[in-house]
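The values are calculated or read from the model by the stated rules, or taken from the named source; none is laboratory data. Since we're looking at a predicted model, the values are computed, not measured. Here the Cβ positions follow ideal geometry from the backbone for every residue, glycine too, while neighbour counts run over all protein chains shown. Heads up: the accessible areas ignore ligands, DNA and RNA and are worked out on the full protein's heavy atoms, side chains in. Shrake-Rupley method; radii C 1.70, N 1.55, O 1.52, S 1.80 Å.
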Amino acid sequence: MRLISVNVNGIRAAARRGGLAWLALQAADVLSLQEVRASDDQLRGVLVDAGMDDWHVAHSPSTTAKGHAGVAILSRAPFTDIRTMEDESFAAQGRWLEVDVASPAGPVTVASAYVHTGEALTARQDEKYAFLALIEKRLQEWCGNNALAVVTGDLNIAHTEDDLKNWKGNLGKAGFLDDERALLDRWCTDHVVDVHRTLHGPGPGPYTWWSWRGKAFDNDAGWRIDYHLATRPLAARARSASVGRAPTYAERWSDHAPVTVDYNLGDLVGVPR
């Protein structure tokens with residue numbers, strides 16, 4: 001199963017810049033998207049225009065702030081179940097979506113998560129921690145069931161100094177707070193495996209986000225904030241991981257780069273080969 005996760009920074013803008021054309025060429029089985037920023041009809045229209053209308057689509061748009069957030073999962077195989085966050089306030093924000101797909105190894109759960117940036121010492125940071133606590137609860141449930149499961153997406157946290165070029169300049173700022181990093185420490189000790197970092201090895205980088213402004217991309221002054229965090233049974237089946245960094249600034253179609261992981265599960269059930 002080739003699983004690609006990417007914050008598209010607006011699916012319609014990404015399509016105009018060539019992002020869907022790039023994704024269509026990657027031989028993916030499942031696509032996990034964040035910041036879709038579209039209605040169901042708008043998303044479907046973009047996929048039709050890109051020749052991707054044969055994909056199965058699950059979508060959780062924001063109903064509280066239209067044109068913001070929104071997560072989606074696309075699959076070659078049909079879904080056996082689709083779920084959003086149990087907490088209604090976060091479900092309405094379009095920040096969490098999970099699906100089950102069948103495979104010869106057993107059902108596989110893929111979640112697409114978009115965690116907002118936060119702001120240190122504000123209510124917005126408190127809300128970020130509340131959302132992360134709900135995600136951790138879900139991770140605990142997966143582990144208790146020995147599930148083949150992975151949370152993918154933009155967590156807006158750089159875990160270690162290897163995950164942020166200018167880490168000294170971001171000490172005490174949201175995205176690199178001690179409490180945020182300690183949370184990922186706990187997750188990766190007790191619940192899940194950071195598949196990309198494990199397969200790639202030590203950094204610095206590779207980064208997955210760069211500001212559109214200035215020379216951040218050209219100087220590779222980025223953050224690694226996009227993850228595949230898999231339960232141990234699924235992580236053990238991960239074979240390769242890569243970041244699809246654009247060759248040049250002009251060829252970027254999002255401020256994030258896709259993270260691709262290949263998992264050895266056999267062919268997904270229902271996928272034509």
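A compact table of results
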read-out: Projected label distance in nm at residue 39 and residue 248, using a 7 Å step from Cα toward the beta-carbon; value: 3.8
read-out: Karplus 3J(HN,Hα) series, Hz, for region 126-139 with 6.51 cos²θ - 1.76 cosθ + 1.60 (x for Gly, Pro); value: 4, 5, 4, 5, 5, 5, 4, 5, 5, 5, 4, 4, 5, 4
read-out: Accessible area of region 59-148 divided out per residue, in Å², using a probe of 1.4 angstrom; value: 43
read-out: Which labelled figure in (1) 133; (2) 177; (3) 120 is volume of the Cα convex hull per residue in Å³, once derived from the coordinates; value: (3)
read-out: Estimated vicinal HN-Hα couplings, Hz - region 192-206 in sequence order (Karplus 6.51, -1.76, 1.60; Gly, Pro = x); value: 9, 10, 6, 4, 4, 5, 4, 6, 6, x, x, x, x, x, x
read-out: Of all accessible heavy-atom area on the chain, the percent that carbon and sulfur account for (1.4 Å); value: 50
